[in-house]
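Undergrad: To start, I am sharing the structure in question, which I have written as structure tokens.
Every number here is computed from the coordinates shown, using simple stated rules; none is lab data. Just so it is clear, the model here is predicted, and its values are computed rather than measured. Here Cβ is always computed from backbone atoms with ideal geometry, including for glycine, and neighbour counts include all displayed protein chains.
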Amino acid sequence: MLSRCDLIKGAAVVLLTLSTQGAWAQEIKITLFKIVTIKDEIIIGLSPDELLALGGNDASAVAHALAQKGDLTVWQYNVHRGQNGEMQQAPTAKIGLLANASLRVEPYTTPYQIMPHP
């Protein structure tokens, strides 16, 4: 039989684990951008590390990196329902962007929670 002290210790470990995972998920701030192409518009998400590798944290840096490199591999984001039924902006596919097909890069805002990509 478990003692009351053991139950309290177990509950504390569970709470600490859950709060640490929640804090970790909140630390990864994904920045969304809308890529306007000849045919459509695509929403992409970049992590702070990815933006740093591109040389900035705004749409201009993304556009410059795309023009300079000729192509970028990024995560495409779309709106989906999460496990709790709430709408979320979530990664759906890793895609390649080509500079010659992209006309414009714009910052993108969403009222939904943004999920980090792997």
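Undergrad: Name the pairs: first residue in region 100-118 and over 15 Å from Lys34 (Cβ atoms), second residue surrounded by 11 or more Cβ atoms within 10 Å (Cβ to Cβ) and of a type in the set (A, V, I, L, M, F, W, C), Cβ to Cβ under 6 Å, at least 6 apart or on different chains?
TA: Met115/Ala90; Pro116/Ile28; Pro116/Ile30; His117/Trp75
Undergrad: What are the residues in region 30-51 that are polar (S, T, N, Q) and part of a strand (DSSP E or B), if any? Give the derivation first.
TA: Step one: filter region 30-51 for residues polar (S, T, N, Q), giving 31, 37, 47.
Thr31, Thr37, listed by residue number.
Undergrad: Let me ask you something else. Do we have Gly96 as part of a loop (DSSP other than H, G, I, E, B) and loosely packed, with under 14 Cβ neighbours inside 10 Å here?
TA: No.
Undergrad: Report, ordered by the first and then the second residue, all pairs with beta carbons closer than 7 Å, sequence separation of six or more or different chains, a first member in region 70-90 that is free of Cβ contacts under 8 Å to residues at least 40 places away in the same chain and part of a loop (DSSP other than H, G, I, E, B), and a second member that is surrounded by fewer than 14 Cβ atoms within 10 Å (Cβ to Cβ) and not basic (Lys, Arg).
TA: Listed pairs, sorted by first residue: Glu86/Gln113.
Undergrad: Is it the case, given these coordinates, that Ala59 is free of Cβ contacts under 8 Å to residues at least 40 places away in the same chain, of a type in the set (A, V, I, L, M) and out of contact with any Cys (no Cβ under 8 Å at 6 or more places or on another chain)?
TA: No, not satisfied.
Undergrad: Moving to a separate point now. May I ask you to say which residue of His64, His117 is in contact with a Ser or Thr (Cβ under 9 Å, 6 or more places away or on another chain) and either farther than 17 Å from Asp40 by Cα or part of a loop (DSSP other than H, G, I, E, B) (or both)?
TA: His117
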